[in-house]
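**Q** The structure under discussion is supplied below as structure tokens; questions concerning it will follow.
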Amino acid sequence: MTAPLDPVLMSVMANRLDGIVREMTNTLLRAARSAVISSARDFSCCLVTGDDQLLAPAEGLPVHIFGCHIQTANMRRYHEGDIRKGDAYLDNDPYGGNTHPADHTFMVPVFHEGEHLFTSVAKCHMADIGNSIPSSYFVLARDVYHEGALVFPGVRIQRDFRNIEDIVRMCRARIRVPDQWYGDYLAGLGSARVAERRLEEFCTKYGAATVKRFIAEWFDYSERRMIDNIRRLPRAQLVNKGRSDPLEGILPGGLELTVKIEIDPEEAMIHVDLSDNPPCVDVGLNTSLGAATSAVVGAIFNALEKDLPRNAGSFRRLRFTYAEESVVAAPRFPHSCSMGTTNVSERLVNITQSAFAQLGDGHGLAEGGTGLGAGMAVISGKDHRRGGAPFVNRMMLSTNGGPASPVADGWVNYAIPVIAGLMYRDSIEVDELKHPLRVNALSLVQDSAGAGRRRGAPAQTIDLTPTGNDVTAVISCDGQHTPPRGVAGGQDGTAGMTLRIGANGDEARLPNVVQVTLRKGEVLRGRDSAGGGYGRPLAREPARVLHDVLEGWESREKARDVYGVVFTGEIDDETLAVDEAATLALRRDKENTHAA
Amino acid sequence: MAYRISVDTGGTFTDVVVLDPDGQLHIGKALTTHERIFDGMQAALAVVASALGLTGPALLDASSTLVYGTTRATNAVVTKRTARTAFLTTQGFRDTLTLKEGGKHGPHDYTVDYPDPYIPRRRSFEIAERIGADGEVVLPLDHAQARAVIALLAERRFEAVAVSLLWSIANPAHELALGAMIEEHLPGVPYTLSHQLVPILREYRRASATAIDASLKPLMQAHLTGMEADLRAAGFRGDLLVSTSAGGCQHVEELVARPIHTLKSGPAMAPVAGRAASAAERMGGNVIVCDTGGTTFDVGLVRDGSLVYTRDSWLGQRWLGDIIGTSTVDVRSIGAGGGSIAWRDAGGLLRVGPQSAGSNPGPACYGRGGEHPTVTDAAMVLGYIDPGFFNGGRLSLDPAASARVIGSLAETFGQSADETAAAIMTIANELMIKAIGEITVNEGLNPRESVIVAGGGAAGFNIMPIARELGCDTVILPRTASALSACGMQASDIVFEATRSRFTDTAGFDVAAVNAALDAIEEELEAFRRGLRGASGARVRTELLVEARYRAQVWELDTRLPFSRIGGAADIAALAEAFHQTHERVYAVRDEGSAVEFVNWKGRIAITLFDAPPAPDAAATSHAPTPDARRSCYFAETGRVETAIFRGPALAAGAAIAGPAIIEEPTTTIVVTPGLSATLSAAGNYILHCAPKGA
């Protein structure tokens, strides 16, 4: 039995590791090529211990939080006895802990005095992965063969710090716009290598024995924090269901999804049962173990204290049950997990975080806006301004509205539940410069948000048009039929839609999952979904309703009809004010009607 | 030679630094008087004047230059007391200021409301017009509609107008037309056109800068011209300059026209001071500049003798506040300082911050009702603060209160108060180490090859262990450390920047267009220089830069042009190589296979109107001074020891002090860590030697 580590030293060491993952993140963010990484921030960095336990994640996408330890374990298993300093490995196998094939995961084993103490991991969503269609998301993929992605199950891609050029050539031979992929490859690998250097310095400074003690005690500390938090929750068995959008001609009713959560404060455990879910489907909607578990873990953390450490220590207090074979977390080969991190995973986040609201006011969150709509489409084509040079990219121009919480209104730039607002929006000017298209309008949609004591964030709407050659947009949106739900008396948000407006002005609504080619003169209009509300709208402070009306997010009519708030004066001449007496009377009236 | 005055008005204190004809710096401090800034300035001037045996008016009369640093604009934005401003933008994009650029703190944090736009929606107006990415007119300006909007602005008595249209950087015709209409129909109402203020790509940044600038115009015009009038009335006949966020200064009329450049000018001056201090000590051109206040810790850099700039500077928190959009000296700020509160979390770990007791109630030892243990209380318990000599004896402190709050926290850990207090210092240091680590890593600067210049009243408590942890051997802590920004103004140039947005890349480099942009930039710089009073014969430095990136990257890096015009293929290759080197320095990778894209072209001119304070030529004789007192202090390395206390003002150049020791200057305290040492240089700077012995 060794003496416990000085707690001050533990804080210092934890701080240093956090500094390392922040440096990894910054390196990747700024050096990456494709917008999906540098703007949408669809990447994550973390440090895993030499024995495959998640130690330190960066502030990255919640949907990447779980599974890297499985990938590092596979790396060690596949290459047992032949892993050494200077190596790097590439993995994107959704059957091996990875989220989905679009996420290329770069793993660098870190050695100290010959011992493999850490693996640094950088996971990035590539703009293209050699699929059979020009998008790294393929909803209609019947199976992995139809999907067409190159899959690398823990493949060595560097030895002695040099590329294994066979692998790089394979990627270049099949991936569209290979220079863009290679730039992102350099950024991802560079990030993992930065961590390697820093971790070597870390180990030299503190010595292997102290580092190991730190790891063990940091996990124990994190577990104590988790225990403390779970002990303060009520004992409960929560069951919550949700439904994904239909898939035309394939899944007419969508998928009904179920999350069961058992909270045991005495044992300080949360048990998540994901087994009651539909079997695998012959499309790309199946979720990998890594993606689905991450979605649920992320949503649980949304419902807990905001600064809890997220690592193998706190995860000890979570237990999971999965089905033998299911669209949720249990894909069976060769089903495709192309959309593993979005559609079904988005719904799993919503179902889980809103389940906690069943514990009573003050717990959980409403549902956030879902679906990658027209403003987040993958676009491709040939740029007439650059001699017909091909382009393919995901945009991040408009986003869904975020969910209301017990204390705050929804976040406007939310994107989708698995991105949780972390992304950057594209600049319209930058996108118009890079792609042969123009944005005609981009604005928030009045009266779209889910009302509540705390309001969901409003939807956005965007109009896009090609400026030269045809532009193809691939849209795989799961947010146009089942809107985000409110909780604790809060109202639902509104669903999105995609429209094509012909050169003659005719509007036609498109399916939620669609590949559309636009001609010059045609307009693609996308409306995103709006977040659900939390708590009763009649309990919303009139000052907040006044703010919403002044900003044009809610109309005076909705303020009166839904929130029971009456105004005097006008917006334009700055005289708008709450009529306190009339508001009180109207609210009393509405309460009585409601009670009756 | 006459006197030179610099004034930094902070939130709490107004710092005045005066350079006397012998090259000595003198500091005066007074409380900032927010109702009338001039009163606080006069009070601080009087402090220095009396030390010099003069009256305030006599000192003003004998001064040739006064550099004024103001937080007036920053405060106006923070307290929302700017002008009633209209925002005019392209039809369809009224929400630009609301939608911003995305980004959020904490993936699991849903406790924060989405921030309001800088200008509310009811004051945002769409103009029927559209320019395309190549500068082509997609939708001609609807003059009738535009005039109707402007008539409405007149009717509603708007006080300022911000105009930011899409692609005005490619074709400014519509913005210019709107400017003419404003001149005609809203005579006397100040306005800002985005392509003139910040001709950069990215509509939110341009719109935000334009909105902020316009909203400050009425106020800053009144403030700066009022200040000038007050100074003249008080007898000042010299040259009045105002410091800017570019780390330089400008004449009043320039900043009346572009008040946005006064934002964050105080923090921008700290790296200028750091550069001057390092140069005076011949310590090289790579400097990490730390400014420790009561509630914030600011870090800036000097690389190869040059200031480091960013376009990602925000008023308020990043993503939650408003982006400034102009190119400013890069200074990162974290919420950590003497007021940061220490606490024990549910996992049993000691934490420091992010909550702060601020300056009111402040640390427990201030005796204003603060009941939480803070970093200052920890320093008090450890014996680092003389309760009777804090801040020159102006604030008397209550050591018993510190002992009480630290003691009760220590009990929860089963530790002594000393141990817990030392732990608080260590953890507070960690936050600062991480902040320094981030900015140096971002800029590719190695702390081991740099010198730290430390300033701010609280810097001396912990800068030595921080430097040691970073592997940085030397810290310069000027005697005037508590007024670092005002010292920077004493060493500042007139700095002016001109920008043109001209997108091109190495694959199809548009030589003519780029050279035309560079011509326009140099013309603008030259026109500025010609129009500058007192600049004839002054030393001038000009540099040309381009914000560049690899194809399809989103974020640019500042790259210095190796020449002033592009001649041919060899020059393009040399420019690309300059970018590869920058990218490699910052991100450790280069990709020669990729085209390089060039976005915004910039020229920066620095005109030296006055020289930095001269370095004294007297050589210092090394000697070991006698301590003025001894006091029991606690250090993690040694435990409690009787520690030598030195009164700073009594020390002579060449004094060499071995740790453990405390040096008490009137406005700052230096803790010399056991095993390390400090010397006082001829230039009046403490040189702190932070390399462990034997290293």
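Rule-based calculations on the coordinates, nothing more; no lab input. All values reported here derive from a predicted model rather than from experimental measurement. Here Cβ is always computed from backbone atoms with ideal geometry, including for glycine, and neighbour counts include all displayed protein chains.
**Q** So what's Rg/Rh here for the stretch B:494-608, counting alpha carbon atoms and using the Kirkwood radius for Rh? Mind showing how you got there, number by number?
**A** Working: Rg = 15.1 Å, Rh = 14.8 Å.
Here the Rg-to-Rh quotient is 1.02.
**Q** Suppose we flag GluC sites (Glu not before Pro) only when DSSP calls them loop and at most 15 other Cβ atoms lie within 10 Å. Which is the longest uninterrupted stretch of chain B? The partial results should precede the final answer.
**A** Values: sites that count: B:Glu35, B:Glu136, B:Glu371, B:Glu592, B:Glu637.
Result, exposed sites excluded: B:137-370.
**Q** Within a 10 angstrom radius of each residue's Cβ in A:453-460, how many Cβ atoms of other chains show up on average? Whole number is fine. Each step should come with its number before you reach the end.
**A** Working: counts 0, 2, 1, 0, 2, 3, 0, 2.
Averaged over the peptide's residues, the number is 1.
**Q** Filter A:Lys241/A:Lys306; A:Lys85/A:Lys205; A:Lys382/A:Lys520; A:Lys241/B:Lys104 down to the pairs with a C-alpha to C-alpha distance above 21 Å, please. Show your work: numbers first, answer last.
**A** On the way: A:Lys241/A:Lys306 25 Å; A:Lys85/A:Lys205 19 Å; A:Lys382/A:Lys520 13 Å; A:Lys241/B:Lys104 28 Å.
Check vs 21 Å cut-off fails for A:Lys241/A:Lys306; A:Lys241/B:Lys104.
**Q** May I pose another question? How do B:629-635, A:395-401 rank on mean C-beta neighbours within 10 Å, highest first? If you can, show how the numbers build up before the last one.
**A** Numbers: B:629-635: 17.0, A:395-401: 28.9.
Final packing ranking: A:395-401, B:629-635.
**Q** Extent of chain B along each principal axis, from alpha carbon coordinates, in Å, largest to smallest?
**A** 80, 60, 54
**Q** Something else about it: Give the value in nm², to one decimal: projected area of the alpha carbon convex hull of the protein assembly as shown, averaged over all directions.
**A** Values: hull surface 195.1 nm².
Approximately 48.8 nm², given one-decimal rounding.
**Q** Can I ask one more? What value, in deg cm²/dmol to 500, does the helix sum -39500 (n - 2.57) over DSSP H runs of n ≥ 4 give at 222 nm once divided by the residues of chain A?
**A** On the way: 14 runs with 176 residues, N = 596.
That comes out to -9500 deg cm²/dmol.
**Q** Give the separation of the Cα centroids, the stretch A:55-100 to the stretch A:237-276, in Å.
**A** What the calculation gives is 27 Å, centre to centre.
**Q** May I pose another question? Roughly how many Å is it from the Cα centre of the stretch A:371-393 to that of the stretch B:30-77, as a whole number?
**A** So the two Cα centres are separated by 58 Å.
**Q** Average partner chain C-beta neighbours within 10 Å, per residue of A:303-311? Walk me through the numbers before you get to the answer.
**A** On the way: counts 2, 1, 3, 8, 6, 3, 2, 2, 0.
For peptide A:303-311, the averaged partner shielding equals 3.
**Q** Here is a follow-up. Between the DSSP loop rule and a limit of at most 16 other Cβ atoms within 10 Å, which chymotrypsin sites (Phe, Trp or Tyr not before Pro) in the stretch B:521-585 are left?
**A** Working: sites: B:Phe528, B:Tyr550, B:Trp555, B:Phe563, B:Phe579; in loops: B:Trp555, B:Phe563.
Listed in order of number, the matching sites are B:Trp555, B:Phe563.
**Q** Could you work out the mean count of beta carbons from other protein chains within 10 Å of each residue's beta carbon in A:418-428? Walk me through the numbers before you get to the answer.
**A** Details: counts 1, 3, 6, 10, 6, 4, 7, 6, 4, 8, 11.
The shielding value for this peptide is 6.
**Q** Here's another thing I want to ask about it. Could you work out the relative contact order of chain A, using alpha carbon pairs under 8 angstrom and six or more residues apart, expressed as a whole percent? List each step's numbers first, then the result.
**A** Numbers: 1613 pairs, mean separation 72.3, N = 596.
About 12 percent, as a whole number.
**Q** Using bins 10 angstrom wide from zero, how does P(r) for the stretch A:365-534 break down, in % of all Cα pairs?
**A** 12, 39, 31, 14, 4, 0
**Q** Please list the equivalent ellipsoid semi-axes of the stretch B:340-427, computed as the square roots of five times the alpha-carbon gyration tensor eigenvalues, in descending order and whole angstrom.
**A** Details: eigenvalues 90, 36, 21 Å².
Semi-axes, largest first: 21, 14, 10 Å.
**Q** Describe numerically, in nm with one decimal, the distance between label points set 7 Å from Cα along Cα→Cβ at A:Asp228 and at B:Thr111.
**A** It works out to 1.4 nm between the two label points.
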